[in-house]
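Readers should treat all values here as calculations from the given coordinates under stated rules, not as data from a laboratory. All values reported here derive from a predicted model rather than from experimental measurement. With ideal geometry, Cβ positions are generated from the backbone for all residues, glycine too; neighbour counts draw on all protein chains shown.
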Amino acid sequence: MSKRIRIRAVLAAAALVAGLAQTAAADTTLTYRSAEGSFTVDMRPGAVRIDDASEQWQLYRRDSEAIFSVRPDERTYTRLDRDVADTIRQRMDTLRAEVETRVQQLPEGQRAAARAALVDQIPGLEPSQQSDVGLDHTGQTETVAGVECEIVQIVRDGQPGETLCLASADALGVDDDTFATIKSMFALMKTMLAGTGLETVGLPYLDLDGMPVRFRDAGTGERRVLSSISHEPLGDGRFSIPDDYIEQTPAQPGR
């Protein structure tokens, strides 16, 4: 093989590797349908954006180690990170102590009802009990939006909870870096919720080796089903907050 041919072969191989890397890191959009409307998850290595039927959307930036809640109608956003979570946790501890002090000032026969009423009014006021959450892999598979998935039952304290059809990252065409970004987002959420009384809210995403393409809540009957997958490139603006949006302080517990 001549030197010129060898150079061409090396260049061709390099171009092939670069093309494969670009394909593997493609953006991914998962669109779900539910009774409330569409639910869209845009993702790429380092960033995840979630749009639901409400007036706001959420943005996770791995480099910032933060989740941003964005309100386009008000042109504002709030930042949630570990520091903010620590402040909320301290405020919640103080609030619990204040509430208990006031409850103890009531006649003994009124305390239980008063405490229960306040717990209903203030989410997270009552410290959550450690629940035993497990996964029952049924081994049964189905196809949702052209993607094969396994039916998995969430079991909470021995009782059936949510039912999922779980698809692997490969089946969804999600590359390793993007899936690692999703895992890091849920790890951050778990850390931020610890000690707030809301630890058991949501699914045990860190235990799921994939993503739900169908979801059903046993209690509420809520359903969410994947309707389409896209790997069309997304602009960087999709994963950024406009410069003219104003940052606001997150609401504190009890306010």
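For the peptides 185-192, 67-74, 97-104, the ranking by packing is 185-192, 67-74, 97-104, with the highest mean count of neighbouring Cβ atoms within 10 Å listed first. Gain on full extension, evaluated as 0.36 nm per residue between Val133 and Ser240 minus their Cα-Cα distance, stands at 35.0 nm. If R0 is taken as 25 Å, the Cβ-Cβ distance between Glu36 and Ala180 corresponds to a FRET efficiency of 0.25. Annotation: amide H-H contacts under 5 Å for Gly46 (H modelled 1.01 Å from N, sequence separation of 5 or more, or interchain): Thr181.
Within the set of other residues whose C-beta is less than 11 Å from the C-beta of Arg224, count the net charge using Lys and Arg as +1 and Asp and Glu as -1. Value of the local net charge: -1.
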